[in-house]
Amino acid sequence: MKCRKCKDKAVINMRHHKLALCKDHYLAWVLEQTERFICKYHMFTVNEKVLIAVSGGKDSLALWDVLLSLGYQVDGIYINLGIDAGIGYSERSLSMIRKFMETHGEAVLKVVDVPVTYGASITTAASRTHRGKGRPCSVCGLTKRHIMNRIAEEGGYDVLVTGHNLDDEAAVLLGNTLTWQTGYLARQAPVLPASGAGLVRKAKPFCRFYERETAAYALLAGIDYVYDECPHAVGAKSIYYKELLNTLEEERPGAKLQFYLNFLRARDEGAFRVFEEQVELNKCSQCGQPTSLVGLCTFCRTWQQVNSQSGNTQ
Amino acid sequence: MSLTAKLILRDKEYEVRAGQTLRDAIQKCDLSPQAVLPVLDGQLITDDQILRPGDIVMLVSVISGG
């Protein structure tokens, strides 16, 4: 198969776009498309300060590389969750990010160490709470959202970006559609505006790239990343939904993209507006972050519970 | 000479018939071409490539999540 632009040997074929490209044209195409999505969805401008959440995985490191190449002011935040699982998962992830930074001299990284800052690893925290019914993903998501928002606020960043790709978005969309989580559907978008009450703007510049496209970018750009999945993600529903969607995609190239884009169109047309909740936000009495609760926010309540049991569970 | 090629995904190896497309070989191994990127001799390749005897193709898993 040949590159559509130069007729050289193609390294990737995107059946949903009917587009095959060689290495150089693919790397350039990803940059062009990312810039197009940032502008189309009014995510941020070159004059704004961007904070990117990096995990050491392909998506976040590829996105950081792309944003730096496009000339954005973008710093990274890594949240060390203290996940070991016998393979030193969190430490390996951090070392992969440090390696990335060696070849990206302009990159600045902030690290928040959860066990040091909050008193327990995510694995231990999950075992001490009822959240997530034994799965750490719920406590993990809650903790990461809190920390990312706090660091973005404290650092004066205009926007927080994440490396969510189209497969991530389509899997979430499928999950929320199967259970008709209308409130979540109303809030799923490439960019979520700042609330004005202490929640920073959030954007997903890779939301229209297939997962294999972000992985291909990382491989072709020579970005080393953590191949292993988070040990706690094994058997996660999101992975099952991705596999279902890939089965559909095999038969109908473009099905995943159309599912997501048609959802965004329906959302823009107001299909979910009736489900948008106008929740009054209060300030958490402990951390000061916005919360729909009175008194402590969910994050502070959860971690209070975690630390109150620190003598009971290891 | 062996008339087979090899696909490797993580710690699993699949022996497949040479002379077919990589895409067909991946599917016959009950894998999804959507979920992997094939690498041959250190180079990313497209899955319409015909497998030659002795080819060793590394399949990089692309699915992540949690």
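Conditions (1) surrounded by fewer than 17 Cβ atoms within 10 Å (Cβ to Cβ); (2) under 16 Å from the mean Cα position of the chain (by Cα); (3) modelled with pLDDT of 95 or more; (4) within 14 Å of chain B (Cβ to nearest Cβ), marked per residue:
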{"position": "A:178", "(1), (2), (3), (4)": "yes, no, yes, no"}
{"position": "A:187", "(1), (2), (3), (4)": "yes, yes, no, no"}
{"position": "A:191", "(1), (2), (3), (4)": "no, yes, yes, no"}
{"position": "A:196", "(1), (2), (3), (4)": "yes, no, no, no"}
{"position": "A:202", "(1), (2), (3), (4)": "no, yes, yes, no"}
{"position": "A:207", "(1), (2), (3), (4)": "no, yes, yes, no"}
{"position": "A:210", "(1), (2), (3), (4)": "no, yes, yes, yes"}
{"position": "A:214", "(1), (2), (3), (4)": "no, yes, yes, yes"}
{"position": "A:219", "(1), (2), (3), (4)": "no, no, yes, yes"}
For the structure I just gave you, tell me whether residue A:77 is surrounded by 24 or more Cβ atoms within 10 Å (Cβ to Cβ), in a strand (DSSP E or B), touching a residue at least 40 places away in the same chain (Cβ under 8 Å) and on the phi < 0 side of the Ramachandran plot. no
- Task: Determine, yes or no, whether residue A:271 is without any contact (Cβ under 8 Å) to a residue 12 or more places away in the chain and either more than 30 Å from residue A:101 (Cβ to Cβ) or crowded, with 18+ Cβ neighbours inside 10 Å (or both).
- Result: yes
Scanning segment A:221-245 residue by residue, those open to solvent by less than 20 Å² (accessible area, probe 1.4 Å), farther than 20 Å from residue A:179 by Cα and within 11 Å of chain B (Cβ to nearest Cβ) turn out to be A:225, A:226, A:233
Within segment B:20-44, residues open to solvent by less than 50 Å² (accessible area, probe 1.4 Å), more than 10 Å from the chain's Cα centre (by Cα) and farther than 19 Å from residue A:227 by Cα come out as B:20
Those residues of segment A:235-263 which are acidic (Asp, Glu) and out of contact with any Pro (no Cβ under 8 Å at 6 or more places or on another chain) amount to A:243, A:249, A:251
| Do we find a residue being at the interface with chain A (Cβ under 8 Å from one of its Cβ atoms) and part of a loop (DSSP other than H, G, I, E, B) anywhere in segment B:55-62? | yes
When restricted to A:59, A:24, the only residue part of a helix (DSSP H, G or I), closer than 30 Å to residue A:257 by Cβ and within 12 Å of another protein chain (Cβ to nearest Cβ) is A:59
query = Somewhere in segment A:30-50, is a residue within 14 Å of another protein chain (Cβ to nearest Cβ) and open to solvent by less than 20 Å² (accessible area, probe 1.4 Å)?
reply = yes
The lone condition residue A:107 fails out of (1) outside any loop (DSSP other than H, G, I, E, B); (2) within 22 Å of residue A:160 (Cα to Cα); (3) open to solvent by less than 20 Å² (accessible area, probe 1.4 Å) is (1)
For segment A:296-311, the count of residues that are open to solvent by 10 Å² or more (accessible area, probe 1.4 Å), of a type in the set (A, V, I, L, M) and in a helix (DSSP H, G or I) equals 0
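Condition first: farther than 14 Å from residue A:260 by Cα and either of a type in the set (Asp, Glu) or within 14 Å of chain B (Cβ to nearest Cβ) (or both). Now tell me which residues in segment A:159-176 satisfy that. Give the steps one after another, and end with the answer.
So in segment A:159-176, the residues farther than 14 Å from residue A:260 by Cα come out as A:159-163.
Residues satisfying the conditions are A:162, A:163.
The values are calculated or read from the model by the stated rules, or taken from the named source; none is laboratory data. Here the structure is a predicted model, which means the values were calculated and not measured. As a convention, Cβ positions derive from the backbone with ideal geometry for all residues, glycine included, and neighbour counts pool all protein chains shown. Just so you know, the surface numbers come from the protein's heavy atoms only, side chains and all, with ligands and any DNA or RNA stripped out. Shrake-Rupley method; radii C 1.70, N 1.55, O 1.52, S 1.80 Å.
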